[in-house]
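Comments concern the structure below.
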Amino acid sequence: MQDKNNTAGIQARMEELRQKIAYHADLYYNKDNPEISDYEYDALFRELTELEEANPQFASADSPTRNVGGNASEKFSKVIHPVKMGSLTDVFDEAELRAFLERTVQALKDEGVPAEEILFTVEPKIDGLSVGLTYEKGKLQLGATRGNGTVGENVTENIAVISTIPHTLTETVDLTVRGEVYMPHDSFVRLNRIKEDAGEKLWANPRNAAAGSLRRLDSAATKEAGLSIFVFNYQTGDLYADGHAPSSHKETIEQMHNLGFSTIRIAAVTADIDEVVAAVMGIGEERSTLAYDIDGAVVKIDSLAQRQMLGEGPSTPKWAVAYKYPPEQKETRLIDIDVQIGRTGVLTPTAVLEPVQLAGTTVSRATLHNIDIIRARDIRIGDMVRVQKAGDIIPEIVASVPEKRTGEEVPFAFPEKCPSCGEKLFWDDQGDDEEDTAAEVGGALRCVNPRCPAQLERRMIHFASRGAMNIDGMGPTLVRQIIENGLVSDVGDIFSLQKEDIAALPRMGDKSAENIINAVNNAKEAGGDRVLYALGIRHVGEAAAEGILNAFGSVENLFAQTAEALCAVDDIGEITAAMIVEYFSLPETALLIEKLKTAGVRLDVAGADAGAADENAADFTGMTFVLTGTLATMTRDEATEKIKARGGKATGSVSAKTTYVVAGEAAGSKLTKAQTLGIPVLTEEEFIAML
């Protein structure tokens, strides 16, 4: 009999894993903005699967292990797939792969299939966005994303501009096929260069860039992204005009290729388990030579009849697995360590490397985060180091290779003065003795000079970015030119720029300058919450800025607030409150806010009086709502705007201060917590009635 405390711990861990997986799946599938690597996500998923198998009494019908992670966006009409677009079971090492192969062979032998007729196919697993393509009489009729596997998004207009997707097949057949839309490495580099020049947030990796580009409302933007596709599965319909039914996966791939599709490359078709394993490892070895990203290899039973014998599990087929590769690592030499200064004054060490090909791109720099990382991994200038891309996204040094040292390696030390302005530097976490050195204390080293040129550049880039004041066209290159030409001394001076100032800069003309000034003037109406976020106060993100402005009405009102008053705002903790109080106590802050006010920048909540014009609109003043699940008639953003327009607040977490929880389809842990706390729960229909 299980120990009760241990049982409670297992159940709590399972619920924690479900919440984590749901959160990261939403970022990956729906927002195209992952925070963790595929490998880390797979590890969480695997742990939950094993716990559910060992503790079926705690299994949940809405567990992410039973569902594909995506949802159909409200931006596009919904499509019901003729055949469910499911996912695959993952395996992570050779032993697990062999176990699957042996188990599958034995199951088919038990059905009377001779061993020599049990063939497996091996193919690369493209890291992209899964789509279904439907053709009628050989003409493209529909393109849809996978969504949750059953319901996807109609993205036909965007599918149609991908050059490798045929509009007309070589035969007049009716069929639906499944493929993976991906972004080649050269397209990814080009697209991120454009975003960087525009001062926009860069795509994390080609997969997210592909997903985001395919979901654009402007098909011209999708075309510009340079997407491509590999088709890898026949879903339904007739592959052959004469109605001939294929008998194997290999045959379906060959016929889809004959019809005009760009098809997946089959690396092996074999009954030999050793050959299957060798083919999987061979694909892994060629990852760095490919023009696109893969995150594994797919092993499938070739015979379609044998697949029918094996059948399907609750959420994955029993006749296929995905072998997931660990992050690729390479050795290279650490040439130097540069120090970069962020917009809050923190000095961040960055490794300068001998260029090395890693996960499809050339890596010559890698983040080192802080002195603690350098010390813990014993990294010295001149070392041979092992480098990987965390989640195939951000280059990082995993470890030094001490056995390859020559004795000429040099330990790293931070400068004593700011390399940009020459002022003294300070440690956030100072030791007891003010003379403690960088090697003796951890934390962050910071330049506190508000006039530091390096900080000004990064502050301006942040201030003008899309999530902040959204000054279109004011990217890093233009910001650098503006500062170098002495046109600004702080972000408030942006609103004093003149058209002739901009037009005189390199590669700028009258029309470009006019567009920039128009964007600057438009930014004046962004609202106080955007201003507060744009100021770049440590720990104050977009959601926190919005909550604070909803509570206090105007940026100017923050000069009089105490830390205690700020902590009363939902999701504002002591550290954030202290940072805000400190920032608004500075004389420079008062001068900056006055400069913004004089320039006509709106410092109160944009749209604060919206909704007042509608005498029939409900008054939600003082109410706090939490939205959970999928709403059928509006997006969460639309629901949030309706709440805000009526004076209410929409937050992301349920607490005793929550007035109502609005529960849509597939509501999760927030609904459970609301029920536990006794918070009133509204259906979507009840919420609409309140509106």
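The values are calculated or read from the model by the stated rules, or taken from the named source; none is laboratory data. Please read these numbers as outputs of a predicted model, since none were measured by experiment. Don't worry about glycine lacking a Cβ; one is built from the backbone with ideal geometry, like all the others, and counts go over all protein chains shown.
Looking only at the stretch 416-445, count every residue that is modelled with pLDDT of 70 or more and either among the hydrophobic types (A, V, I, L, M, F, W, C) or outside the structural domain of Thr344 (by TED's automatic domain parsing) (or both) and tell me the total. Spell out the reasoning first.
To start, the set of residues in the stretch 416-445 that are modelled with pLDDT of 70 or more comprises 416-427, 444-445.
When the remaining residues are screened for being either among the hydrophobic types (A, V, I, L, M, F, W, C) or outside the structural domain of Thr344 (by TED's automatic domain parsing) (or both), the result is 418, 421, 425-427, 444-445.
Result for the stretch 416-445: 7.
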Looking at (1) within 30 Å of Val491 (Cα to Cα); (2) in contact with a Lys or Arg (Cβ under 9 Å, 6 or more places away or on another chain), which is the only condition Gln329 fails? (1)
Here are the criteria: (1) over 24 Å from Glu542 (Cβ atoms); (2) more than 25 Å from the chain's Cα centre (by Cα). Tell me which single one Glu665 does not satisfy. (2)
Conditions first: (1) at pLDDT 90 or above; (2) in a loop (DSSP other than H, G, I, E, B). Asp472 passes all but one, so which condition is the exception? (1)
Filter result for Thr576 (closer than 16 Å to Ala545 by Cα, assigned to a helix (DSSP H, G or I), in contact with a helix residue (DSSP H, G or I) (Cβ under 9 Å, 6 or more places away or on another chain) and not aliphatic (A, V, I, L, M)): yes
Tally up the residues in the stretch 117-135 that are among the acidic types (Asp, Glu) and at pLDDT below 95, please. 1
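Got a sec? Which of Ile229, Ile283, Ile253, Ile266 is assigned to a loop (DSSP other than H, G, I, E, B) and of a type outside the set (Ser, Thr, Tyr)? Talk me through it step by step, then tell me what you get.
Details: Ile229 fails: assigned to a loop (DSSP other than H, G, I, E, B); Ile283 fails: assigned to a loop (DSSP other than H, G, I, E, B); Ile253 fails: assigned to a loop (DSSP other than H, G, I, E, B).
Among Ile229, Ile283, Ile253, Ile266, only Ile266 is assigned to a loop (DSSP other than H, G, I, E, B) and of a type outside the set (Ser, Thr, Tyr).
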Looking at the stretch 212-226, is at least one residue touching a Phe, Trp or Tyr at 6+ places or on another chain (Cβ under 7 Å), in contact (Cβ under 8 Å) with a residue 40 or more places away in the chain and assigned to a loop (DSSP other than H, G, I, E, B)? no
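Could you please let me know if Ala268 is modelled with pLDDT of 95 or more and in the same structural domain as Glu117 (by TED's automatic domain parsing)? I'd like the intermediate steps shown before the answer.
Working: modelled with pLDDT of 95 or more: yes; in the same structural domain as Glu117 (by TED's automatic domain parsing): yes.
Against the criterion (modelled with pLDDT of 95 or more and in the same structural domain as Glu117 (by TED's automatic domain parsing)), Ala268 qualifies.
Condition first: charged (D, E, K, R) and either assigned by TED's automatic domain parsing to the domain that holds Ser496 or in a helix (DSSP H, G or I) (or both). Now tell me which residues in the stretch 526-543 satisfy that.
First, pick out the residues of the stretch 526-543 that are charged (D, E, K, R): 529-530, 538, 542.
Across the stretch 526-543, the qualifying residues are Asp529, Arg530, Glu542.
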Please determine, by comparing only the residues of the stretch 447-469 that are in a helix (DSSP H, G or I) and not aliphatic (A, V, I, L, M), which one is nearest to the chain's Cα centre (by Cα). His462
Can you say whether Gly492 is among the small types (Gly, Ala, Ser), touching a residue at least 24 places away in the same chain (Cβ under 8 Å) and more than 22 Å from Asn449 (Cβ to Cβ), as far as the supplied structure shows? no
Part of a helix (DSSP H, G or I) and modelled with pLDDT of 90 or more: is that true of Ala590 in this structure? yes
If you take the residues in the stretch 1-34 that are of a type in the set (D, E, K, R) and at pLDDT below 60, which one is surrounded by the most Cβ atoms within 10 Å (Cβ to Cβ)? Asp32
